[in-house]
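Worksheet for the structure shown next.
The values are calculated or read from the model by the stated rules, or taken from the named source; none is laboratory data. All values derive from a computational prediction rather than experimental measurement. Here the Cβ positions follow ideal geometry from the backbone for every residue, glycine too, while neighbour counts run over all protein chains shown. Surface areas here come from the heavy atoms of the whole protein model, side chains and all, with no ligands, DNA or RNA. Shrake-Rupley method; radii C 1.70, N 1.55, O 1.52, S 1.80 Å.
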Amino acid sequence: MLILFIAGQISGQNTKKGLSVITPELLRQHIDFLASDSLKGRNTPSPELELAADYIAKEFAALGIRPVQNSWFQPVPIISRNLDIDRCQLAITLGDQKTNFRLKTDYNPFEMTADTVVASSLVFAGYGITAPEYQYDDYDGVDVRGKIVLIMKHEPGEKDTASCFNGIRETRHSQTSVKLENAMKHGAIGLMIVTDPLNHMLLNPQGHPWPAFSSFMTQDNLPVEMKDGKRTIPCIQVGETVVKALFGSVDSLRNIQKRIDQSLKPRSFEVPASGCLLQTALKITRYPVNNVIGILEGSDPVLKNEFVVIGGHYDHVGVQKVQRQGEDNIFNGADDNASGTAGVLAVAKAFSAMKKRPARSVVFILFAGEEKGLFGSQHYCDHPVVPLDKSVVMLNLDMISRNGADTLQLDGLAYNPDLASILMSEARKLNLRNYPGEEDLFKRSDHYNFYRKGVSAINITSGLHSDYHTVRDNPDSVDPAKAALISRLIFKTAWKIAGEPIYLKTVPIR
Amino acid sequence: MKRNFVKTLFLFLLVIPGIHLYSQNTWLLKYQFEKGKTYDQISRTTQDIVQTVNGQDIKILSEIASTNSFQVENRDADGNATLLFSAQDLSVRSAAMGRDTTMKYTGMKDKVRVKLTPAGKSLSSVVVDSSEVSSIVSQLNMGDMRHLPGKEVKVGETWQDQLVVNKEKSAGSPIAMEITTDTEYTLKGSEPVNGKELLKIAFTGTMNMKGKGMQMGMDMYLEGTGKNQGFFYYDPAAFMIVSSEDNSEMEISVAVTGPQNLTIPMTQSVKSVTTFTERK
């Protein structure tokens, strides 16, 4: 009762003081810095992203927001991987005859290969499929534990409308990633995949188009990814030369495939007197990338252990590498998402301006790597600095400064009915009206990772526009008054939830 | 806000159809078009594309069915013919990521006037009229005919042909491409087809492709190699191809740079069947 009373008192506190510090001038100041040309589009990773992170941390510090575990920064393990062509090798021994195969010409690692070396005998395992629903298992009767497995691409009856799999519609079993997973599940230590010759003309070892091989890609043309720690094994595509070495001819393999397709019985076997040495080597580059996190501790001795999370991403997409004369090549990302970052900072300032702190603690997070695949929020949700099951809400600000004075797009209302009700009520008080966008953006920003973990989460945005992800998303194209208005909405909503022991239910996506 | 790159790439991929269509030379005697005659051209192309993004295979199936016609406007003393191609009906179906959409267009007004040598090589090509779907129509390569050797060839005889096609960037295709095809043709013999004695020519070939362009703020580069094989029937009495079937496979590497760096392996299988019928 006492807790409820105190909480109610705090919740009822006039938010005027907080609201008064959220001004268009403040939003303008943050946006102008974050979206300036000197920050070169805040790409993940880039030195300019680090500058933006430092700026955010300094702002938090100036507001009296505290770091978590003595640091403003949560490192996000962003890496890129290129093939180390000098350390890859494939050698196959049959009896006393050893053949060394050539990278690119005879074999090529897939993108998901491991950085390791393995050696064992070889097992041919048909299509490498285990599909109990079709009473089909290429691994039936062969033991591949500790062995390197050779399999074919696709699935039985690929071009056959009467195929027991799914006619000519390929099932998930034909996916390379599923075959790799299945091989690992059966204990294989290496995987070689060849295009099935019955239905296909090309038996090239296509694998992955590594920049190391390419005549037209620059060596830095590598996607960044988040190191996921998932176990994998060496996984390569082999071509015709390997088939001929193992089967004598492509026709021999084609005949085996024909028999498998006709009988739907596995024709797997251990290659007699075989040995295989397979090494796929990677050059892994790690980048310094951080989420920036600050916390305002709650005032209630119990409720302070529950958290309201307010966040947005501070990265954008950098610069166009090929600069054309006279053309702007910087994706400044003023709306996307300097505006949302500025909004989080403004809301933080509003909380710190209030005489009393709210009952619950408030966590402010600016995420990196959103544009590359929601990496920062994914990492945070896998390694939260405060317990996710005690995080009662996540309010995400992504692009809040465009599309007219009174428009609002709230993504995820249907899945967060309680939060929707509070947000809509507060929005009405500010004369903001929700206009559902043409595109469903619910899965396209950082709040989604929180929702997936059971936290009530909605994305608050002013919506897409024609400058989205173009070099025209400049500071002069944003409306700081609009950003300020939406920031006030977030402050009022967050203040209400932070002040009362209310719990918000979510509805699963069907 | 994260961009939906899968959708972006899907849009990009739709520009690739038609790369191989008619890109290899064919064989045979020559075309001898007669002024005033009109032919209907019915084509059906099915295409499977698999691209791997972040370890996940994404399959895209498309089917393009088109009906065009062409009228022989003139034939000069050198045997060069002026043909006016008119698009009539077009159906484009694409299925990917759980979506299956079909777009149908009828009564189209797109027209292309081409001047062809007796071997079927293009001397000129001018768009006479276009419609709101001209970007799609441009990918049909309307006006391209299979090349013929322009001479008599013995049964069992083979011959080689190389063709370099440069495709400029256009509204429908933001990638400029150079496609080189090396094709070997073999005259298999004559056989009766629907009551007519027709010549069957089989072919196998290799294809190489390079491309460069820009889409949605990203620079794109691609290169690929492939093989094709098929056959066509030629009516020696009418000096005209009657039908053709072409199967091809390509493996393509795509690099995207700019706001996002991506390297994507892609395979493309295409089957194309075309028939020509003289309008009586």
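Before moving on, here are some points about what is shown:
- Scope the stretch A:403-429; condition of a type in the set (A, V, I, L, M) and in contact (Cβ under 8 Å) with a residue 60 or more places away in the chain; matching residues: A:ALA405, A:LEU408, A:ALA414, A:LEU419, A:ILE422, A:LEU423, A:ALA427
- Residues of the stretch A:400-422 that turn out to be within 14 Å of chain B (Cβ to nearest Cβ) and within 23 Å of A:ILE295 (Cα to Cα), as a count: 1
- Single condition B:ASP100 does not satisfy, out of (1) over 26 Å from B:LYS37 (Cα atoms); (2) away from chain A (no Cβ under 14 Å); (3) more than 17 Å from the chain's Cα centre (by Cα): (2)
- For the stretch A:426-437, the candidate set comprises residues that are outside any loop (DSSP other than H, G, I, E, B) and not charged (D, E, K, R); within that set, the residue that is least open to solvent (accessible area, probe 1.4 Å) is A:ALA427.
- Residue that is farthest from the other protein chains (Cβ to nearest Cβ) [pool: residues in the stretch B:220-246 that are more than 19 Å from B:ASP182 (Cβ to Cβ) and acidic (Asp, Glu)]: B:ASP235
- Among the residues of the stretch A:174-201, those that are within 31 Å of the chain's Cα centre (by Cα), within 11 Å of another protein chain (Cβ to nearest Cβ) and open to solvent by less than 50 Å² (accessible area, probe 1.4 Å) comprise A:SER174, A:GLN175, A:THR176, A:SER177, A:VAL178, A:LYS179, A:LEU180, A:THR195.
- For the stretch A:438-484, a tally of residues being closer than 19 Å to A:SER391 by Cβ and assigned to a strand (DSSP E or B) returns 4.
- Some residue of the stretch A:229-243 being without any contact (Cβ under 8 Å) to a residue 12 or more places away in the chain and within 36 Å of the chain's Cα centre (by Cα): yes
- Residue in the stretch A:280-289 that is touching a Gly at 6+ places or on another chain (Cβ under 9 Å) and either open to solvent by 20 Å² or more (accessible area, probe 1.4 Å) or more than 14 Å from chain B (Cβ to nearest Cβ) (or both) present: yes
- Filter result (free of Cβ contacts under 8 Å to residues at least 40 places away in the same chain and within 7 Å of chain A (Cβ to nearest Cβ)) within the stretch B:253-280: B:SER253, B:ALA255, B:THR257, B:ASN261, B:THR263
- Taking every residue in the stretch A:430-445 that is within 10 Å of chain B (Cβ to nearest Cβ) and pairing it with any residue that is open to solvent by less than 40 Å² (accessible area, probe 1.4 Å) and among the acidic types (Asp, Glu), at least 6 positions away or on another chain, the pairs with Cβ-Cβ distances below 7 Å are A:LEU441/A:ASP411; A:SER445/A:GLU370; A:SER445/A:ASP398.
- Of the set (1) touching a Lys or Arg at 6+ places or on another chain (Cβ under 9 Å); (2) within 13 Å of A:LEU489 (Cα to Cα), all apply to A:ILE460 but (1).
- Top-ranked residue in the stretch A:322-333 [being in contact (Cβ under 8 Å) with a residue 24 or more places away in the chain and touching a strand residue (DSSP E or B) at 6+ places or on another chain (Cβ under 9 Å); ranked as surrounded by the fewest Cβ atoms within 10 Å (Cβ to Cβ)]: A:ASN329
- Counting only residues that are at the interface with chain B (Cβ under 7 Å from one of its Cβ atoms) and surrounded by fewer than 16 Cβ atoms within 10 Å (Cβ to Cβ), the stretch A:202-220 holds 1 of them.
- Residue in the stretch B:43-51 that is farther than 29 Å from B:THR267 by Cβ and at pLDDT 90 or above present: no
- Within the stretch B:208-219, if we keep just the residues that are assigned to a strand (DSSP E or B) and either among the charged types (D, E, K, R) or touching a helix residue (DSSP H, G or I) at 6+ places or on another chain (Cβ under 7 Å) (or both), the residue that is least open to solvent (accessible area, probe 1.4 Å) turns out to be B:ASP219.
- Matching option when the condition is buried (at least 24 other Cβ atoms within 10 Å of the Cβ) and among the β-branched types (Val, Ile, Thr), among A:ILE497, A:ILE509, A:ILE502: A:ILE497
Conditions tested, residue by residue: (1) at positive phi; (2) more than 11 Å from chain B (Cβ to nearest Cβ); (3) under 22 Å from the mean Cα position of the chain (by Cα).
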site: A:PHE331; (1), (2), (3): no, no, yes
site: A:SER361; (1), (2), (3): no, yes, no
site: A:ALA368; (1), (2), (3): no, yes, yes
site: A:PRO384; (1), (2), (3): no, yes, yes
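- Residue count for the stretch A:221-249 under the criterion of being open to solvent by 20 Å² or more (accessible area, probe 1.4 Å) and away from chain B (no Cβ under 11 Å): the result is 11.
- Residues satisfying the stated conditions in the stretch B:233-269, i.e. touching a His at 6+ places or on another chain (Cβ under 8 Å) and more than 30 Å from B:GLU197 (Cβ to Cβ): B:GLU249, B:MET250, B:PRO259, B:THR263, B:PRO265, B:SER269
- For the stretch B:26-83, a residue qualifies if it is open to solvent by 60 Å² or more (accessible area, probe 1.4 Å), within 14 Å of chain A (Cβ to nearest Cβ) and not in a strand (DSSP E or B), and exactly one does: B:ASN54.
- B:GLU249 falls short on exactly one of the conditions (1) charged (D, E, K, R); (2) at the interface with chain A (Cβ under 9 Å from one of its Cβ atoms); (3) open to solvent by 20 Å² or more (accessible area, probe 1.4 Å); (4) under 17 Å from the mean Cα position of the chain (by Cα), and that condition is (3).
Here is a yes/no grid of residues against (1) modelled with pLDDT under 95; (2) hydroxyl-bearing (Ser, Thr, Tyr); (3) more than 29 Å from A:ASP328 (Cα to Cα):
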{"site": "A:LEU413", "(1), (2), (3)": "yes, no, yes"}
{"site": "A:ILE422", "(1), (2), (3)": "no, no, yes"}
{"site": "A:LEU432", "(1), (2), (3)": "yes, no, yes"}
{"site": "A:HIS447", "(1), (2), (3)": "no, no, yes"}
{"site": "A:TYR451", "(1), (2), (3)": "no, yes, yes"}
{"site": "A:SER456", "(1), (2), (3)": "no, yes, yes"}
{"site": "A:THR461", "(1), (2), (3)": "no, yes, no"}
{"site": "A:VAL471", "(1), (2), (3)": "yes, no, no"}
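- So B:VAL193, is it hydrophobic (A, V, I, L, M, F, W, C) and either at the interface with chain A (Cβ under 10 Å from one of its Cβ atoms) or in contact (Cβ under 8 Å) with a residue 60 or more places away in the chain (or both): no
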